[in-house]
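*Asks:* Take a look at this one; I'll ask things after.
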Amino acid sequence: MSSTNNGKFSELFGVIEDYAQREYHYQDKALQVIAGSYVFMFESEDMPDARPVLDNILEQYDYVFTTIERGNLDPLIVDAIVKVALYREEHMEWGINRLGRILEALFRRSRTDETYEDYVTDTNLVIRGLERMVTGSVLEEFVEASNGG
């Protein structure tokens, strides 16, 4: 996957793309950078579109990117999806869709993996992510309305 996103952060995004194609620890670091870099509505520069990178990671893990330590859902994947979805209004539907796919995958895992004990905690994490997206979207509309735009 080569970056088609040119701009001020193209080098950073190139590293994110490279890390996302490597093993777990690199992917985890890519998620940390995405979650920390995509801050909706307060960003002065346009960030590259990280949705394909996140989709690539999600697809590799059948939408359940887990922690190595416990095997529970890694909160970074939810945080990164929420931040990228909130970054642009047109990304919201994508974010809702991906969190929905994670919920479906968690449900499937709960039915097939008898050792999976974190189903309720993991689904709550995803639901909180959905709530953050809705709240963030409403907040953005409020800020835009108060600024006259």
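*Asks:* Evaluate the distance, in nm, between pseudo-label points positioned 7 Å from the Cα of Ser110 and of Tyr26 along their respective Cα→Cβ axes.
*Replies:* Between Ser110 and Tyr26, the label points sit 3.5 nm apart.
*Asks:* To continue, here is another question. What are the equivalent ellipsoid semi-axes of region 10-148, built from the alpha-carbon gyration tensor (square roots of five times its eigenvalues), in whole angstrom, biggest first?
*Replies:* 26, 19, 11
*Asks:* Top to bottom by accessible area (1.4 Å), largest first, where do Asp62, Asp122 land?
*Replies:* The ranking, largest first, comes out as Asp62, Asp122.
*Asks:* Just want to confirm a number: the relative contact order over region 10-148, from Cα pairs under 8 angstrom separated by 6+ residues, in percent.
*Replies:* Once normalised by length, the contact order is 22 percent.
*Asks:* Now a separate question. Starting from the Cα-Cα distance between Thr123 and Asn56, subtract it from 0.36 nm times their residue separation and give me the gain in nm to one decimal.
*Replies:* Between Thr123 and Asn56, full extension yields an extra 22.0 nm.
The values are calculated or read from the model by the stated rules, or taken from the named source; none is laboratory data. All values derive from a computational prediction rather than experimental measurement. Cβ atoms come from the backbone with ideal geometry, glycine included; neighbour counts cover every protein chain shown. Surface areas here come from the heavy atoms of the whole protein model, side chains and all, with no ligands, DNA or RNA. Shrake-Rupley method; radii C 1.70, N 1.55, O 1.52, S 1.80 Å.
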